[in-house]
Amino acid sequence: MALRKILEFPDARLRTVAKAVEMVDDTIRVLVDDMFETMYHAQGIGLAATQIDVHLRVVVIDLQDDQNKPLVMINPEFETLTSELDEMQEGCLSVPGVYEVVKRPDHVRLKALNQNGEAYEIEAEGLLAVCIQHECDHLAGKLFVDHLSTLKRSRIKSKLIKQKRLEATS
Ligand code: NI
């Protein structure tokens, strides 16, 4: 297992649209292991391959509570099961230190493959539903800040660029 570097907004590589995984083989399973290690190390609850500059449809999620086991989503697709939107505060390992409220449907049905290439289907609500949508956004080259106003997004962008510059000089 190895730690991978997480890309940070506004890195243009985060805008890449991920390709479907054609075969779930050992290369993919190594990627999944590395993604879990990277996510736990950064104390996140979800990570998309896009965030480590691998442009394949692979996501790992671990809400780290009693009800939910770690989840591997390969080639995920979801449909929303409600028209009602729920507000939840979101953060992202690619947008460090920023937490903003985003509105999303809070009930989805997910179809994906696991690390053995087996298809599964689950229904999710609440935080898990939000997390699934947030990570699927990454695979489409989208970030949670895209759900905010242009003004808010540009403020976050300046803040992160400034932060980076400080880190580089200190
Ligand atoms: Ni994220």
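A few comments on the model shown:
- Filter pass, A129 being of a type in the set (A, V, I, L, M) and either more than 19 Å from Q51 (Cβ to Cβ) or open to solvent by less than 30 Å² (accessible area, probe 1.4 Å) (or both): yes
- Taking the criterion of being assigned to a loop (DSSP other than H, G, I, E, B), open to solvent by 30 Å² or more (accessible area, probe 1.4 Å) and closer than 23 Å to V130 by Cα, the residues of the range 12-53 that qualify are T16, V17, A20, A42, Q43, I45, D53.
- Looking only at the range 27-57, and only at residues there that are of a type in the set (A, V, I, L, M, F, W, C) and within 14 Å of the ligand (Cβ to nearest atom), the one that is farthest from R13 (Cα to Cα): I45
- Those residues of the range 83-123 which are aliphatic (A, V, I, L, M) and either more than 16 Å from the ligand (Cβ to nearest atom) or assigned to a strand (DSSP E or B) (or both), in sequence order: L85, M88, V101, V102, V108, L110, A112, L113, A119, I122
- Within the range 76-116, the set of residues being within 16 Å of the chain's Cα centre (by Cα) and among the hydroxyl-bearing types (S, T, Y) comprises S94, Y99.
- The residue of the range 143-155 that is farthest from the ligand (Cβ to nearest atom), among those that are in contact (Cβ under 8 Å) with a residue 40 or more places away in the chain and open to solvent by 10 Å² or more (accessible area, probe 1.4 Å), is K152.
- Residue in the range 142-156 that is under 16 Å from V59 (Cα atoms), assigned to a helix (DSSP H, G or I) and at pLDDT 95 or above present: yes
The values are calculated or read from the model by the stated rules, or taken from the named source; none is laboratory data. Worth saying up front: this structure is predicted, and the values here are computed from it rather than measured. Note that we place each Cβ from the backbone using ideal geometry, even for glycine, and neighbour counts take in every protein chain shown. Just so you know, the surface numbers come from the protein's heavy atoms only, side chains and all, with ligands and any DNA or RNA stripped out. Shrake-Rupley method; radii C 1.70, N 1.55, O 1.52, S 1.80 Å.
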